[in-house]
Amino acid sequence: MIKIVIGGQLNKQAIEKLIKELGGSEVEVSVKSDLEAVMALKNKQVDYYVGACETGSGGALAMALALLGRDNCVTLASPSKVKNQEEILAEVASGKIAFGFTAPSSVSVLKALVPALLTK
Amino acid sequence: MDFSIIQLITIAALGSMGSILVNRGVAVFNDGLRPIVPEFLEGRITRKELAATSFALSFGLIIGFGIPLSIGATIIIAHSILLACDIIGIWSPDNKKGIIISGVVGAVYSIGVCLGLQFVVDLFDKLPINFLDSLSLVGTPIIIAFTVFPAVAVGYQHGFKKAVATASITFISYLLFARFGTFTISSYKIALSPEGMSLLFGMFMMVYFAVRVKGGNETTNSDLVNIFTERVNRIKKNRWLLAIMGGLVALVSAQMILAVDAMPQALINDGKYSEAAIATLARAIGFIPLVFSTAIVTGVYGLAGTTMVFVIGIIFREMPIVAFVVGAIVMYGEVMLLSVVTKSMDKLPGVREMGEHIRTSLADVLGMAILIGSAMAAEKIAPGMGFFWVMGFYLLNRLAKKPLVELAVGPVGVIALGILVNILHLFGLWSK
């Protein structure tokens, strides 16, 4: 059972639905504002943070980067580059806990990310 | 798009000043880059890593969003210049020489963008099949569609029923002002624009619903301000530099060189200035929480602040010098009010959240409007094939390894189609 909080700013409801579909009963999802979501992760109330915005790093990861540091965060998809399944697996394996991506790439990123987090 | 010498001088001043502020780590435009800057300032990453990140974050948006949406428009999207300031400032060395280098490169680049866009337009104008007139159709849906964004934002935040209520009021006020908005009071003819007024009503509803959300005893924002006092002071220390930058942004906005986003850009293209001012204001309200909170935790401000200075520019477009002064005052005020406003968000959690929903709703409305506009433009260029082209372009882009920014897919597709029909024409495969 892992706990994922959705911060960022775009498509929160759609991301929530998608994670529930992908993770089923293995995942507990909550939706918060970006600041509260990061605080929840910092206070260890949740295990992972995901967020989407236009750039995959601005609204999606800004607060996470500021409060958790760059070592814990990674942009999985930016407007010019979407990471593939192997790259996402590698990021998860390296211990990242906050993930940002662009809204249009949500589906392809989450399809790789959620199983990767579950098998970790 | 023809630039006067004065306009080229001010845009050079803006590009120069912006790049220098980035070079000194005072401010950056990209909200995503802001949190990385202190990592460098405090020695956790090298200048090289910072430079690579700045390039990765901003380059795609410049060539995939700012520039293509500015081709053939009367006013350039600010990202084309301000995101480049991020890259130029950070790539220049971190010393006295770097200040000069970033200033010079920033100025040359900004003039280059203006002249480059002018050159591209002149070039397209010479093509046997002219598609520039059709290209202007891209912005048409935005001119009406933007008034629906408060209703969509209300829907994301408060649910379907309140969204329908807001949409209905927006719609009814549009009808009323379209029918009765022009009247005469003691020989003065007054014309209230239906788009502007209905947007104002929609925004009023949006703010009303947001203010009514009761806050608990949350102190998240106050905590942030307290933890990061030093970083807030760092921004305040740079208030004069930031004020000058704010003045310059207001000035280029007043001179109709830069618009903050595609929505005000389309409205200005159509000569709807007061609507553009209202739309820019609405956008700025959406960005205040994001810009303020990232500024507080990083000690690095935004090159255009909350982007409120763009509104000042549009309002004082007849008086550029006043725009500069008021813009500087507004930017100064933003910096000084940083802590107070952020702390007050604890009491108004609905307003902080509203920011997120405004940004989502703007992106959604804009995305759809530009896509439809692009399809219309493409259909005008190549009747029968236009819809096929733009929809195919849009959906296939999603599958691409290095996709374009969705907002830019339509316009890029239209330009590509315009060039393609000219090439086909060259080989006798396309008749006018």
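The values are calculated or read from the model by the stated rules, or taken from the named source; none is laboratory data. None of the values given here were measured: they were computed from a predicted structure. Here Cβ is always computed from backbone atoms with ideal geometry, including for glycine, and neighbour counts include all displayed protein chains.
A few points about this structure:
- Within region B:186-227, tally of residues that are within 14 Å of another protein chain (Cβ to nearest Cβ) and touching a Gly at 6+ places or on another chain (Cβ under 7 Å): 2
- Within the option set A:Gly100, A:Gly69, A:Gly51, A:Gly58, being in contact with an Asp or Glu (Cβ under 6 Å, 6 or more places away or on another chain) and either within 14 Å of another protein chain (Cβ to nearest Cβ) or surrounded by fewer than 23 Cβ atoms within 10 Å (Cβ to Cβ) (or both) holds for one residue only, A:Gly58.
- Checking A:Ala116 against (1) aliphatic (A, V, I, L, M); (2) away from every other protein chain (no Cβ under 14 Å); (3) buried (at least 20 other Cβ atoms within 10 Å of the Cβ), the condition it does not meet: (3)
Yes/no per residue for (1) of a type in the set (Ser, Thr, Tyr); (2) not in a helix (DSSP H, G or I):
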position: B:Phe209; (1), (2): no, no
position: B:Lys214; (1), (2): no, yes
position: B:Val225; (1), (2): no, no
position: B:Val232; (1), (2): no, no
position: B:Gly246; (1), (2): no, no
position: B:Ala266; (1), (2): no, no
position: B:Ala277; (1), (2): no, no
position: B:Thr280; (1), (2): yes, no
position: B:Val291; (1), (2): no, no
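- Of the residues making up region B:130-148, those that are in contact with a Lys or Arg (Cβ under 9 Å, 6 or more places away or on another chain) and either surrounded by fewer than 18 Cβ atoms within 10 Å (Cβ to Cβ) or within 20 Å of B:Ser198 (Cβ to Cβ) (or both) are B:Asp133, B:Ile143.
- When residues in region A:1-48 are screened for being outside any loop (DSSP other than H, G, I, E, B), of a type outside the set (Val, Ile, Thr) and within 14 Å of another protein chain (Cβ to nearest Cβ), 12 of them pass.
- Test: residue in region B:326-342 that is over 22 Å from B:Phe201 (Cα atoms) and within 14 Å of another protein chain (Cβ to nearest Cβ): yes
- Test: residue in region B:162-169 that is surrounded by fewer than 22 Cβ atoms within 10 Å (Cβ to Cβ), polar (S, T, N, Q) and at pLDDT below 90: no
- Among the residues making up region B:60-77, those that are aliphatic (A, V, I, L, M) and more than 10 Å from every other protein chain (Cβ to nearest Cβ) are B:Ile62, B:Ile67, B:Leu69, B:Ile71, B:Ala73, B:Ile75, B:Ile76, B:Ile77.
- Residues considered: B:Lys401, B:Lys380. Of these, the only one that is more than 12 Å from chain A (Cβ to nearest Cβ), basic (Lys, Arg) and out of contact with any His (no Cβ under 9 Å at 6 or more places or on another chain) is B:Lys380.
- Sole exception among (1) closer than 18 Å to B:Val414 by Cβ; (2) within 14 Å of chain A (Cβ to nearest Cβ); (3) aliphatic (A, V, I, L, M) for B:Leu57, by number: (1)
- Criterion applied to B:Asn233, B:Asn217, B:Asn226, B:Asn221 was being in contact with a Lys or Arg (Cβ under 7 Å, 6 or more places away or on another chain) and not aliphatic (A, V, I, L, M), and the one residue passing it is B:Asn221.
This table checks each residue for (1) touching a helix residue (DSSP H, G or I) at 6+ places or on another chain (Cβ under 7 Å); (2) charged (D, E, K, R).
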| site | (1), (2) |
| --- | --- |
| B:Cys114 | yes, no |
| B:Asp122 | no, yes |
| B:Asp125 | yes, yes |
| B:Pro128 | yes, no |
| B:Asp133 | no, yes |
| B:Thr147 | yes, no |
| B:Lys162 | yes, yes |
| B:Ser168 | no, no |
| B:Arg179 | no, yes |
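- The set of residues in region B:24-36 being more than 10 Å from chain A (Cβ to nearest Cβ), closer than 12 Å to B:Thr294 by Cα and more than 16 Å from the chain's Cα centre (by Cα) consists of B:Ala27 alone.
- Checking each residue in region A:76-113 for being assigned to a helix (DSSP H, G or I), closer than 15 Å to A:Ala52 by Cα and touching a residue at least 24 places away in the same chain (Cβ under 8 Å) picks out A:Ala103, A:Ser105, A:Ser106, A:Val107, A:Ser108, A:Val109, A:Leu110, A:Lys111, A:Leu113.
Every residue, every condition in (1) more than 30 Å from B:Ala151 (Cα to Cα); (2) assigned to a helix (DSSP H, G or I); (3) not small (Gly, Ala, Ser), yes or no:
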residue	(1), (2), (3)
B:Ala375	no, yes, no
B:Lys380	yes, yes, yes
B:Phe387	no, yes, yes
B:Leu429	yes, no, yes
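- Residue identified as at pLDDT 95 or above and over 22 Å from the mean Cα position of the chain (by Cα) among B:Ile329, B:Ile314, B:Ile381, B:Ile321: B:Ile321
- In region A:72-96, the residue that is farthest from the other protein chains (Cβ to nearest Cβ) out of those that are hydrophobic (A, V, I, L, M, F, W, C), crowded, with 19+ Cβ neighbours inside 10 Å and closer than 21 Å to A:Lys3 by Cα is A:Val92.
- Lone qualifier among B:Gly181, B:Gly247, B:Gly159 - being in contact (Cβ under 8 Å) with a residue 40 or more places away in the chain and small (Gly, Ala, Ser): B:Gly247
- The condition of being farther than 30 Å from A:Asn84 by Cβ and either within 14 Å of chain A (Cβ to nearest Cβ) or assigned to a helix (DSSP H, G or I) (or both) holds for only one of B:Ala408, B:Ala369, that being B:Ala369.
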